[in-house]
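Starting off with a structure, shown below.
The values are calculated or read from the model by the stated rules, or taken from the named source; none is laboratory data. From a predicted model like this one, the values you see are computed outputs, not experimental measurements. Every residue, glycine as well, gets a Cβ built from its backbone with ideal geometry; the counts of neighbours run over all protein chains shown.
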């Protein structure tokens, strides 16, 4: 029997405090672990004015998830052009003739998490021309990608206008170009970070999955011909503790070395190479949960284990089922996988066996991804409602919340940090919690 020196109570307390601080942050699209689960207690099920601790008017619309680092919140937005976003497909083919694209401005905004006060704003000049204000881009606009932070810097992606790195006080560190192309659905893939690399899915801008050096912004590697994908990259750790960058591309899921860009493995994925992917995978441990759907493409959800070599379709795909959603990302709590698409779905994490499939809201628009915290699922909708239902194997709808007087769309997934929920609409950033 080995005798290891016992750490002091002070050391244990410091470790617990340090880990708690890390978990309290919401540094990227799906939180600190990529599973959509937040650490919080006693979150309000229902909120009216008394449970909205503050709200802050934003400088323009946007669809990102708020990123929380310590006492700072970061969101992206845009202004000057294409700001009349519609709910649904109203005036789908109408161009915004009365506005000049030269007035378009992109923004990275930093807000005090305690008070809602704006601390700083960085205006980023876009590279024009952008795709004109028509078709699908009218559904979400020009600032849809969620930034990411490693606690030292904040990294934001604005499509053809590039990737930007700032320190947490707003000093620009570098910028990088990842492609010049546009699309009538715009840009949506969020930033992911490995230990050394900023991971950018630039499938729309250049047909590439790109790794940038964190410190300099210089391109480290580029994997070309990844197809049409709006899915955000994710980082997963194998059982051996090695990082892998994962991208859900049309018909394939790719595992990439985040430092060198070498392909480690691949497996059959969502749809076919001639289609597209939108939904970002969720991560739990070394498991990856990908899903997707679309015109002519049946809904599918699947689980894959990281850490393989070559084609791992027959060896590392745990299960694959004909169910899922086209745009939102699942939530994984270590036992169950949840997602929302008008209905609330739940399956067992390791087997894919269905647990429930319940009506949540008929006609609900499922662009935003739900999060889990305090034993509850918080599921926002594009029309501004936020549904709350119980986590676990028994479905129980608990509440439907609205933001009084706010008629703008709510695209972003919530952030959970320091016992609060942070949600952004196209007009406001909200802090929800009990006083």
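Go through (1) touching a residue at least 40 places away in the same chain (Cβ under 8 Å); (2) closer than 27 Å to residue 37 by Cβ for residue 269 and report which single condition fails.
The failed condition is (1).
If you take the residues of region 181-223 that are assigned to a strand (DSSP E or B) and over 20 Å from the mean Cα position of the chain (by Cα), which of them is nearest to residue 165 (Cα to Cα)? Let's see the steps before the verdict.
Of all residues in region 181-223, those assigned to a strand (DSSP E or B) come to 192-193, 197-202, 208-213, 219-223.
Checking the rest, the ones that are also over 20 Å from the mean Cα position of the chain (by Cα) come to 213, 219-223.
Numbers: 213: 11, 219: 14, 220: 16, 221: 18, 222: 19, 223: 22 Å.
Looking at residues that are assigned to a strand (DSSP E or B) and over 20 Å from the mean Cα position of the chain (by Cα), I get 213.
Write out, first by first residue and then by second, each pair whose Cβ atoms fall under 6 Å of each other, whose residues are 6+ apart or on separate chains, and whose first residue, in region 398-418, is on the phi > 0 side of the Ramachandran plot while the second is modelled with pLDDT under 90 and not in a loop (DSSP other than H, G, I, E, B).
Qualifying pairs under 6 Å: 418/24.
Mind listing just one residue for me: the one in region 84-104 that is farther than 19 Å from residue 411 by Cβ and at pLDDT 65 or above and, of those, surrounded by the most Cβ atoms within 10 Å (Cβ to Cβ)?
Checked region 84-104; the qualifying residue surrounded by the most Cβ atoms within 10 Å (Cβ to Cβ) is 101.
If a residue has to be within 28 Å of residue 235 (Cα to Cα), in contact with a strand residue (DSSP E or B) (Cβ under 8 Å, 6 or more places away or on another chain) and part of a loop (DSSP other than H, G, I, E, B) to count, how many in region 113-143 make the cut?
4
Here's a follow-up. Hey, any hits in region 67-77 for a residue that's modelled with pLDDT of 95 or more, out of contact with any helix residue (DSSP H, G or I) (no Cβ under 9 Å at 6 or more places or on another chain) and part of a loop (DSSP other than H, G, I, E, B)? Working first, answer last.
If we filter region 67-77 for residues that are modelled with pLDDT of 95 or more, which is where we start, we get 67-77.
Pick out the ones that are also out of contact with any helix residue (DSSP H, G or I) (no Cβ under 9 Å at 6 or more places or on another chain) and you get 67, 69, 71-77.
From the residues that got through so far, the ones that are part of a loop (DSSP other than H, G, I, E, B) too are 71.
Yes, there is a match, as at least one residue in region 67-77 is modelled with pLDDT of 95 or more, out of contact with any helix residue (DSSP H, G or I) (no Cβ under 9 Å at 6 or more places or on another chain) and part of a loop (DSSP other than H, G, I, E, B).
Here is a check on your reading of the model: is residue 363 part of a loop (DSSP other than H, G, I, E, B), at pLDDT 95 or above and surrounded by fewer than 20 Cβ atoms within 10 Å (Cβ to Cβ)?
Criteria not met by residue 363.
Conditions tested, residue by residue: (1) out of contact with any helix residue (DSSP H, G or I) (no Cβ under 7 Å at 6 or more places or on another chain); (2) at pLDDT 90 or above.
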site	(1), (2)
1	yes, no
9	yes, no
15	yes, no
18	yes, no
23	yes, no
29	yes, yes
36	yes, yes
39	no, yes
44	no, yes
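Could you check, for region 294-307, whether at least one of its residues is under 18 Å from the mean Cα position of the chain (by Cα) and under 22 Å from residue 356 (Cα atoms)? So that I can check it myself, show each step before the final result.
Step one: filter region 294-307 for residues under 18 Å from the mean Cα position of the chain (by Cα), giving 301.
Still in the running and under 22 Å from residue 356 (Cα atoms): 301.
Yes.
May I pose another question? If we keep just the residues of region 224-235 that are over 14 Å from residue 198 (Cα atoms) and surrounded by 17 or more Cβ atoms within 10 Å (Cβ to Cβ), which is nearest to the chain's Cα centre (by Cα)?
Of all residues in region 224-235, those over 14 Å from residue 198 (Cα atoms) come to 224-231.
Subsequent filtering for residues that are surrounded by 17 or more Cβ atoms within 10 Å (Cβ to Cβ) retains 226-231.
Numbers: 226: 20, 227: 20, 228: 18, 229: 14, 230: 11, 231: 9 Å.
Per the stated criteria, the residue is 231.
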